[in-house]
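No value in this document is a laboratory result; all are computed from the given coordinates. It should be emphasised that the depicted structure is a prediction, and the values quoted were computed from it without experimental measurement. Cβ coordinates were reconstructed from backbone atoms using ideal geometry, including for glycine residues, and neighbour counts include every protein chain displayed.
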Amino acid sequence: MKLKNKVFSILAVSIIASFTFISCDKVEEGDYLKPVGKKPSLRVVFLEDYTGHTCPNCAEAAEVAEAIEKLYPDNVVVISVHAAKGFVNTSAAFPEDFTTPEGTFWNEQFKISGYPAGMINRVKRNNTYRVGAANWLSAVNTELGKEPEVLITLTCNYNSVTKDVSIQATVTFQKDVDKDLRIGGMLLQDSIVGPQKDSRISPSQVNPNFVFMNVLRQTFGGNWGDRFVAKEGGYKKGETKTYNFSFNLPEDYNNTACIPENCHFVVYVATDEPAVMGDDYQILQAAKINIVQ
């Protein structure tokens with residue numbers, strides 16, 4: 001069974017099986033992807049798709065990630081990390097360079113392989129961070145079932161003349177927290193058209209006009225984000241902490257034009273880095289905002 005068809009089948013089954021229906025409502029044709037009667041979640045899940053433009057099965061996985069994001073538009077943030085080892089090199093046929101130093105670092109750090117693959121909230125499961133694309137939805141549903149420790153609210157100010165961007169993130173603690181946390185930012189870009197290998201296309205196996213979405217272009221806070229040092233006595237439920245990101249949008253990233261209207265900013269809050277937390281490292285919450293409102 002094709003990956004996308006398999007995941008859409010999982011989507012339908014998991015929604016029917018796991019959502020609590022308020023009554024015996026009739027589900028009309030086409031409604032089987034709607035979360036009928038599900039209690040809204042405040043958790044926002046961080047789905048990283050590790051991919052590459054010469055990976056023949058990654059195009060289908062990108063569509064799976066997009067389908068999950070559409071299923072949970074307020075509860076899933078997708079980041080397309082072009083770091084799939086052996087599948088990101090540029091050539092005359094594949095000229096775009098979508099790589100970032102941080103993406104390459106994470107791919108090695110978390111030992112991602114066997115693409116298409118990714119991570120869900122960077123939670124370690126069965127002794128690995130890697131989650132195959134066919135299992136993304138079930139991992140997302142597991143994370144959505146957890147109560148968030150923090151919430152993130154974002155505001156964005158963009159100057160269209162200077163292209164200066166200012167993002168303010170307000171972190172609200174949902175429970176008492178007495179540990180160091182990390183906060184980081186990512187700039188994503190949508191609607192970049194270019195060639196992508198696709199095993200479903202015969203005989204060329206190349207889509208010359210693939211639309212790349214949620215492409216990681218730049219990070220803020222390095223590999224792990226900046227540290228929120230726990231204050232004496234910790235943070236109490238209801239307390240807030242603000243953090244600001246300021247930068248200038250470049251004309252391009254690696255010679256691919258940066259279109260402000262297609263850019264989004266993601267902020268995540270995580271536990272301290274793996275060197276400190278070990279297997280308990282994970283992303284706790286995320287939020288996303290358009291650069292141009």
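A compact table of results
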quantity	calculated
Every residue from region 226-266 that is acidic (D, E) and assigned to a loop (DSSP other than H, G, I, E, B)	E232, E239, E251
Top-ranked residue of region 276-293 - restricted to ones that are in contact with a strand residue (DSSP E or B) (Cβ under 8 Å, 6 or more places away or on another chain), outside any strand (DSSP E or B) and not polar (S, T, N, Q), ranked as surrounded by the most Cβ atoms within 10 Å (Cβ to Cβ)	I291
Checklist (1) without any contact (Cβ under 8 Å) to a residue 60 or more places away in the chain; (2) farther than 20 Å from T51 by Cα applied to Q174, failing item	(1)
Enumeration of residues in region 210-234 that are within 26 Å of N157 (Cβ to Cβ) and aliphatic (A, V, I, L, M)	M213, V215, L216
E147 vs. criteria among the charged types (D, E, K, R) and surrounded by 15 or more Cβ atoms within 10 Å (Cβ to Cβ)	no
Residue count, region 141-168 (criterion: touching a helix residue (DSSP H, G or I) at 6+ places or on another chain (Cβ under 8 Å), of a type in the set (S, T, N, Q) and either in a strand (DSSP E or B) or within 20 Å of D74 (Cβ to Cβ) (or both))	1
Test: residue in region 235-242 that is under 21 Å from Y158 (Cα atoms) and either surrounded by 12 or more Cβ atoms within 10 Å (Cβ to Cβ) or not basic (K, R) (or both)	yes
Selected residue [in contact with a strand residue (DSSP E or B) (Cβ under 8 Å, 6 or more places away or on another chain) and either over 19 Å from E143 (Cα atoms) or in a loop (DSSP other than H, G, I, E, B) (or both)] from V88, V77	V88
Any chance E96 is over 15 Å from the mean Cα position of the chain (by Cα) and outside any loop (DSSP other than H, G, I, E, B)	no
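Residue by residue, here is whether (1) surrounded by fewer than 22 Cβ atoms within 10 Å (Cβ to Cβ); (2) of a type in the set (D, E); (3) over 19 Å from V206 (Cα atoms); (4) free of Cβ contacts under 8 Å to residues at least 12 places away in the same chain holds:
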position: N75; (1), (2), (3), (4): yes, no, yes, no
position: F87; (1), (2), (3), (4): yes, no, no, no
position: S91; (1), (2), (3), (4): yes, no, no, yes
position: E96; (1), (2), (3), (4): yes, yes, no, no
position: E102; (1), (2), (3), (4): yes, yes, yes, no
position: F105; (1), (2), (3), (4): yes, no, yes, no
position: Q109; (1), (2), (3), (4): yes, no, yes, no
position: G114; (1), (2), (3), (4): yes, no, yes, no
